[in-house]
Ligand code: TEU
Ligand code: CA
């Protein structure tokens, strides 16, 4: 692998709970993942990102960690993990772990000690404040609803939690806490883990003094308010200098609310504390007139908004930083349902079109489990179909507590945007539970697994899977796609997303019709040396049929 192998890689995200059960308890596990490594290799991915597998009470599906250096027994043992890592490396696959160090579970030993008193070794591992006039110390709103402050009777103080009350935020101003995190990182890196995805890492430095916010205070505006705090660069530099720089690894920072300027600062070719970031601009697009609802809406994303967001990041980081390229993950609805068309008529075509549109951009592409099959949202209709803490809480908050919307309206918004859409089990075949488990699955399998599954995809040469496999192969073989520059085209065109990439093996023209209408666009494709890939069987030149997406190469 080259020195900056992260730039040449495609990452496959595995959500362990939902990927493959091996011991018949209805929950995905590590041996299950190991049994499917050949499948991930066949797709052509280079790296696997595992969502958290550590000991956790699972209040937020593992993003509430109670022991950073032990495997959640639900997923298996440390020996199972070592076996997974060894088998992955034998196949030439790298494993990136999920590092959640903005907060822990309230069941973590550190928090149990910290809440006992104000003068023990762990007292300042978290962010404690006295009541102000008998109330919460400030007006910030937590991502999963309510105040970010929870009162602890034992200690007689409030503690800060940007997420659920069961997820107390760590105090990064405390050098002892930072050293404890670095020690834990070495534990995993010394096992030859290949890097970290860092959960909300731009939230670890809070605004000095934790001041009240002004203006509209929502979960979303609070997240933006605390993003990229005053000491973030200092902490990331220290982490890089003390730990990350000593290993040949990949690091990606999940940074809600990050700006292109900050992304360049943290991933810049100079500083390179981190290799890349997950920005949220394109997945946060909402045309909701009522800003109190934040991301909860069912208004289709406007193509021009999507192009402006993605193009801005391409142009801003070109030659200065590095983009993560993604349509979805475990926190986002499924791509073909959110950004494409998941109807029976257009789903396959549209899923391929989205894959092409993303995989020719500059950056490291991420494929979320099942995206390569064109898996869809759950199209839930009842509130009891939701299990995610965020979805359950926000329904109660918006419908019952604040009465901002009625139940049926909020159910439409949840159906469109809930994280649960991404967490239905991986669809391996058309059998009862899609080959995911022989037991009752922890979460219901999408009934459309009868048609949408790995087996059907592998048996169909024209499937979404083989399209993604080809996209990854083209990237591996093209220096221009891996490292070339980006040129935006017609940014205000509200039907077609077109752009060019320029590099060693010529110029690539990427054109995708995001509509169910036939349109025409002429970018001199008649002069191209070759048609590199298309989601149609033939090429009609300047004509772009519904969801037609094709790429031409113009030799140098
Ligand atoms: O997500 C951070 C984050 O911003 C989420 O709140 C997400 O954007 C939101 O749920 C979308 O509605 C990370 C993890 O990816 C997520 O799974 C965790 O719940 C969260 O942090 C807390 O660890
Ligand atoms: Ca299991």
Any idea how far apart residue 466 and residue 237 come out in nm if each label point goes 7 Å out from Cα toward Cβ? 5.3
I'd like the orientation of helix 175-189 relative to the chain: the angle between its Cα long axis and the longest Cα principal axis, in ° from 0 to 90, rounded to 10. 40
Where does helix 347-359 land angle-wise versus the long Cα axis of the chain, in degrees 0 to 90, nearest 10? 80
Any idea what % of Cα-Cα pairs in the chain are farther than 37 Å? 29
So in the chain, what percent of DSSP beta bridges are antiparallel if you round to the nearest 5? 60
Rounded to the nearest 10 degrees, what's the angle between the helix 407-417 long axis and the longest principal axis of the chain, both from Cα atoms, 0 to 90? 70
The range 407-449 residues near the modelled residue 382 label - backbone nitrogen below 16 Å, point 7 Å along Cα→Cβ: 408, 411-412, 415, 443-447
Is the C-alpha gyration tensor of the range 106-237 telling us rounded, prolate or oblate? Criteria: a/c under 1.5 is rounded; beyond that, a/b larger than b/c is prolate, otherwise oblate. oblate
In whole Å, largest first, what are the principal axis extents of the Cα atoms in the range 482-554? 35, 27, 20
If you average the C-alpha positions of the range 347-405 and of the range 172-241 separately, how far apart do those two centres end up, in angstrom? 26
The distance between the Cα centres of the range 478-556 and the range 281-345, in whole Å, is 20
Cα gyration tensor shape of the range 103-169, rounded if a/c is under 1.5, else prolate or oblate by comparing a/b with b/c: oblate
How high is the FRET efficiency between residue 492 and residue 89 when r is their beta carbon distance and R₀ equals 56 Å, given to the nearest 0.05? 0.75
Suppose R0 equals 60 Å; then what is the FRET efficiency for residue 25 and residue 287 from their Cβ-Cβ distance, rounded to the nearest 0.05? 0.90
For the range 176-300, what class follows from the C-alpha gyration tensor (a ≥ b ≥ c being the square roots of its eigenvalues): rounded when a/c is under 1.5, otherwise prolate if a/b is larger than b/c, else oblate? prolate
Simple spin-label estimate for residue 320 and residue 518 in nanometres, 7 Å along Cα-Cβ: 4.3
The range 69-104 and the range 15-39 have their Cα centres apart by a whole-number Å value of 12
Need the full-extension length gain, residue 43 to residue 345, defined as separation in residues times 0.36 nm minus the C-alpha distance. One decimal, nm. 106.2 nm
Which order do the peptides 386-397, 86-97 take when ranked by the mean count of other beta-carbon atoms within 10 Å per residue, highest first? 386-397, 86-97
Theoretical ellipticity at 222 nm over the chain - DSSP helices of four or more residues, -39500 (n - 2.57) apiece, nearest 500: -7500 deg cm²/dmol
Under the 0.36 nm per residue contour assumption, what length would be gained going from the current alpha-carbon distance of residue 67 and residue 396 to full extension? 115.4 nm
Any idea what diffusion coefficient the range 52-138 gets from Stokes-Einstein, in µm²/s, Kirkwood Rh on alpha carbon pairs, 4 °C, 1.567 mPa s? 85
Say each of residue 79 and residue 246 gets a label point 7 Å from the Cα, pointing the same way as Cα to Cβ; how far apart are those two points in nm? 3.0
At a Förster radius of 56 Å, what calculated FRET efficiency corresponds to the Cβ-Cβ distance of residue 216 and residue 529, to the nearest 0.05? 0.60
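The numbers here are math on the coordinates, done by the rules we state, and not lab data. Since we're looking at a predicted model, the values are computed, not measured. With ideal geometry, Cβ positions are generated from the backbone for all residues, glycine too; neighbour counts draw on all protein chains shown.
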